[in-house]
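Notes follow once the structure below has been shown.
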Amino acid sequence: MEATARDLGLSGRVTVDIWESRALAHRLLAPESSTQGGDVGAGAVSDLSGELLPDWYDEWVLIEAEDWRQLRLHALEALATRLTARGHYGDAAAAALAAVRAEPLRESPRAALIRVHIAEGNISEALREFARYRELLMVELGVEPTERLHALVADLFDVTPR
């Protein structure tokens, strides 16, 4: 805390977790070269998994919370993609699953998780995730996954041994 006769404020040494998490999210959404060493890993999943002021319902909080929710979902999906490309499948799956937990009906984190499973050669896991999501959509909304998600797994149904 810093105080003068007229002002009261946070010290420059104080860190605010949401500011740091937002900065991390923006780095993950920027080109690959902009990330720092610790940005792409398990710690990032944790930093991006928290909600902003849960159980607060003031209008200004709801707007800020939705802004953070959208940013972190996109960042978690980008993180999953980067980790998959590096062959860090466990952390990639954790990032995708964090996004799925945050928004179970959202298709893009499901697609990210399916891509992780495909990349690591776990076809049964990819198909199981697709089936789980398809069933959830039918129960909750009465709709099918998009054609884009169907296309992601279409070739997996035709897998034959070589």
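The values are calculated or read from the model by the stated rules, or taken from the named source; none is laboratory data. All of these numbers come straight from a predicted model, not from anything done at the bench. Positions of Cβ are generated from backbone atoms using ideal geometry, with glycine treated the same way; all protein chains shown enter the neighbour counts.
For the structure I just gave you, tell me whether residue 155 is in a helix (DSSP H, G or I), charged (D, E, K, R) and touching a residue at least 40 places away in the same chain (Cβ under 8 Å).
No.
Name the one entry in 115, 101 that is exposed (fewer than 15 other Cβ atoms within 10 Å of the Cβ) and of a type in the set (Lys, Arg).
From the options 115, 101, the qualifying one is 101.
Going by the conditions given, is residue 44 part of a helix (DSSP H, G or I), within 14 Å of residue 81 (Cβ to Cβ) and modelled with pLDDT of 75 or more?
So residue 44 passes the test.
Looking at the stretch 144-162, is at least one residue of a type in the set (S, T, N, Q) and modelled with pLDDT of 95 or more?
Checked against the condition, which is being of a type in the set (S, T, N, Q) and modelled with pLDDT of 95 or more, the stretch 144-162 yields at least one hit.
Show the residue pairs that are 6+ apart or on different chains and have beta-carbon atoms under 6 Å apart, the first residue being within the stretch 93-106 and assigned to a helix (DSSP H, G or I), the second being acidic (Asp, Glu).
If the second residue must be acidic (Asp, Glu), the pairs left are 99/77.
Is it the case that the stretch 20-32 has a residue that's at pLDDT below 70, part of a helix (DSSP H, G or I) and under 28 Å from residue 90 (Cβ atoms)?
yes
Looking at (1) under 29 Å from residue 134 (Cβ atoms); (2) modelled with pLDDT under 90; (3) under 11 Å from the mean Cα position of the chain (by Cα), which is the only condition residue 96 fails?
Looking at each condition in turn, residue 96 falls short on (2).
For the stretch 131-138, check the following and say yes or no: at least one residue is closer than 29 Å to residue 27 by Cα, over 13 Å from the mean Cα position of the chain (by Cα) and assigned to a helix (DSSP H, G or I).
no
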